[in-house]
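The values are calculated or read from the model by the stated rules, or taken from the named source; none is laboratory data. Computed from a prediction, not measured in an experiment: that's the story for all the values here. Here Cβ is always computed from backbone atoms with ideal geometry, including for glycine, and neighbour counts include all displayed protein chains.
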Amino acid sequence: AIHPGYGFLSENAAFADACAQAGIVFIGPPAAAIRAMGDKSAAKALMQRAGVPLTPGYHGDEQAPAFLRAQADAIGYPVLIKAS
């Protein structure tokens, strides 16, 4: 068995897959979970579908400035914009 600790290897789905292919037990989440949680936008969408409460805000893919301005108006100011 291998415990990747934290950081790069613990978040690397290819490493978890390689361990499985080599017959080594990976002590951590399955590679599919690492992939699902590695993309913040996809992770939020997955959590929303599962019914997990999310912080209010815009979680969509549309990035047109006018659309985002309308979303900010609906959320209320000030807003925090974080790149994902």
Those residues of the range 1-19 which are within 22 Å of residue 46 (Cβ to Cβ) and either in contact (Cβ under 8 Å) with a residue 60 or more places away in the chain or surrounded by 13 or more Cβ atoms within 10 Å (Cβ to Cβ) (or both), in sequence order:
10, 11, 12, 13, 15, 16, 17
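Just for the range 68-79: of the residues that are of a type in the set (A, V, I, L, M) and not in a loop (DSSP other than H, G, I, E, B), which one is surrounded by the fewest Cβ atoms within 10 Å (Cβ to Cβ)? Before you say what the answer is, go through the steps one by one.
Narrowing the range 68-79 to residues of a type in the set (A, V, I, L, M): 68, 70, 72, 74-75, 79.
Applying the additional criterion that residues be not in a loop (DSSP other than H, G, I, E, B) yields 68, 70, 72, 74-75.
Working: 68: 15, 70: 13, 72: 15, 74: 10, 75: 13.
Here the answer is 74.
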Residues that are over 14 Å from residue 1 (Cβ atoms), assigned to a helix (DSSP H, G or I) and in contact with a helix residue (DSSP H, G or I) (Cβ under 8 Å, 6 or more places away or on another chain), drawn from the range 16-36:
17, 31, 32, 34, 35, 36
Considering only residues of the range 20-32 that are loosely packed, with under 13 Cβ neighbours inside 10 Å and out of contact with any strand residue (DSSP E or B) (no Cβ under 8 Å at 6 or more places or on another chain), which is nearest to residue 81 (Cα to Cα)?
32
Between 44, 82, which is outside any loop (DSSP other than H, G, I, E, B) and within 20 Å of the chain's Cα centre (by Cα)?
44
Within the range 34-67, of all residues that are touching a residue at least 12 places away in the same chain (Cβ under 8 Å) and among the aliphatic types (A, V, I, L, M), the one surrounded by the fewest Cβ atoms within 10 Å (Cβ to Cβ) is 45
Scan the range 13-46 for residues that are at pLDDT below 90 and not basic (Lys, Arg) and jot them down.
36, 37, 38, 39, 41, 42, 43, 45, 46
So residue 80 clears everything in (1) of a type in the set (A, V, I, L, M); (2) under 30 Å from residue 9 (Cβ atoms); (3) at pLDDT below 85 except one condition, right? Which one?
(2)
